[in-house]
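Structure record follows, encoded as structure tokens.
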Amino acid sequence: MADMARKKGILAVSLAAALLFGAGFSSVDAAQTLPAADAKKAQTMASISGMASVPGGNICMVDTENHSVWMRLKKDDYALLAGIPGNAGYTDGTLTQARFNSPWSVAAYGEGYLISDTGNHVIRRIDGDQVTTFAGIAKEPGILNGKADAATFNRPTGLAVADDGTVYVADTENHTIRAIDADGIVTTFAGAAGEPGCENGTLAQSRFCEPTGLFYKNGALYVADSGNHRICKIANGKVKIVAGSDNGAEGDALGEPMQAALSNPQQITVYRGVLYIADTGNGCIKCLQDGKLALVLEANSRRQGRIPAEPRALMARNGYLYMGDMFAGDIYRVKL
């Protein structure tokens with residue numbers, strides 16, 4: 001597999017290689033564990049679920065289990081941005097006053113960030129030193145459309161921002177993709193609330209099952225349809241499968257996209273024309289390139305405690321693929 005992947009320009013490595021090279025930023029053809037700033041980081045960052053690139057080289061990250069938002073700085077230093085690790089809650093206010101409950105994803109928005117505050121069923125906004133509720137009613141799960149402060153969500157997870165400023169939300173427990181326009185109006189973009197399924201077609205015909213990760217690129221919205229173990233692409237008012245089964249079947253296979261199989265994929269990203277997939281249930285990263293699904297990074301000894309065992313956060317920039325591991329709180333990167 002490694003030889004075949006190298007010929008196609010994709011690096012496939014086992015986790016044993018990743019651990020062998022260890023921490024650091026030296027240029028090596030293997031996965032690297034990014035270094036922690038100090039022992040405190042290892043104790044306070046537990047489950048990196050989402051990450052977003054920040055101008056200037058920093059990375060904004062959300063830590064689901066510790067209910068907090070972090071910033072990884074350019075010099076491998078880590079700083080707590082908002083929330084208090086280990087303290088779940090719901091509070092708007094300054095960065096130090098704010099409380100979150102199982103935040104899942106982060107997306108750059110304007111001069112700040114949007115956070116899917118999954119446990120509170122709302123979307124939060126960080127702008128300067130203030131945290132506000134961007135959309136939804138805290139602690140009130142639902143499916144109401146309308147003005148952002150009156151709309152309701154049910155455990156929202158993935159976020160993506162389109163070129164025109166539209167915010168897309170994976171409304172996971174409602175099995176839908178929601179949209180928030182520039183005027184703050186929330187609508188159901190694709191799928192049907194409370195109707196899980198596995199259907200392609202028009203936006204109204206489409207059905208999803210617990211969608212999570214989202215990524216927007218060149219007019220297309222990519223969806224990790226986790227409960228259906230597939231990746232979908234929404235473009236020009238149509239939903240189609242780009243990888244995984246068309247009947248919601250779970251598995252672990254490479255090759256032709258429609259014959260390939262995934263297990264609970266939870267994030268995707270597109271970089272230099274290649275679609276990368278966090279195949280969370282299979283503990284690996286796959287990619288769709290030249291019409292084939294290939295392996296990028298695998299945890300080939302999961303039962304031995306090797307990681308990344310549960311990759312979720314996924315981001316690519318400057319020739320590297322970054323991965324956040326829910327199991328260990330670590331961040332890995334692979335040179336592409």
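A compact table of results
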item: Diffusion constant of the range 88-143 at 10 °C, which comes from Stokes-Einstein with the Kirkwood Cα-pair radius and 1.306 mPa s, µm²/s; result: 144
item: Derived scalar couplings ³J(HN,Hα) [the range 228-234; Karplus, 6.51 cos²θ - 1.76 cosθ + 1.60; whole Hz; x for Gly, Pro]; result: 9, 6, 8, 10, 10, 10, 10
item: Test item: Cα-centred dipole of the range 124-269, Lys/Arg +1 and Asp/Glu -1 on Cβ, debye; result: 80
item: Percent carbon-and-sulfur accessible area, the range 142-228, ignoring ligands, DNA and RNA, probe 1.4 Å; result: 46
item: Kirkwood Rh, angstrom, the range 137-188 [1 / mean 1/r, Cα pairs]; result: 10.8
item: Principal axis dimensions, the range 205-288 - Cα atoms, whole angstrom, descending; result: 31, 30, 22
item: Where the range 71-218 is the region considered: accessible area per residue in Å², 1.4 Å probe; result: 41
item: Whole-Hz couplings from phi, Karplus 6.51/-1.76/1.60, listed for the range 268-275; x for Gly and Pro; result: 9, 8, 10, 9, 6, x, 10, 8
item: Among the listed pairs Lys74/Lys147; Lys74/Lys217; Lys238/Lys335, those beyond 30 Å (Cα-Cα); result: Lys74/Lys147; Lys238/Lys335
item: Fully extended contour minus Cα-Cα distance, from Glu250 to Thr96, at 0.36 nm per residue; result: 51.2 nm
item: Cα convex hull of the range 42-116 - mean projected area over all directions, nm²; result: 4.6
item: Net length gained if the chain between Val54 and Met258 were fully extended (0.36 nm per residue, minus Cα distance); result: 70.0 nm
item: Sorted largest first, extent of the range 134-262 alpha carbons per principal axis (Å); result: 45, 29, 21
item: Label-point separation in nm, Ala150 to Asn200, each point 7 Å along Cα→Cβ; result: 3.8
item: Column: log10 I(q)/I(0), Debye, Cα scatterers of the range 64-209, q = 0.21 Å⁻¹; result: -1.26
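The values are calculated or read from the model by the stated rules, or taken from the named source; none is laboratory data. Everything numeric in this text was worked out from a predicted model, so none of it was measured. In this analysis, Cβ positions are derived from the backbone assuming ideal geometry, glycine residues included, and neighbour counts consider all displayed protein chains. To get the accessible areas, we keep the full protein, side chains included, count just its heavy atoms, and leave off ligands, DNA and RNA. Shrake-Rupley method; radii C 1.70, N 1.55, O 1.52, S 1.80 Å.
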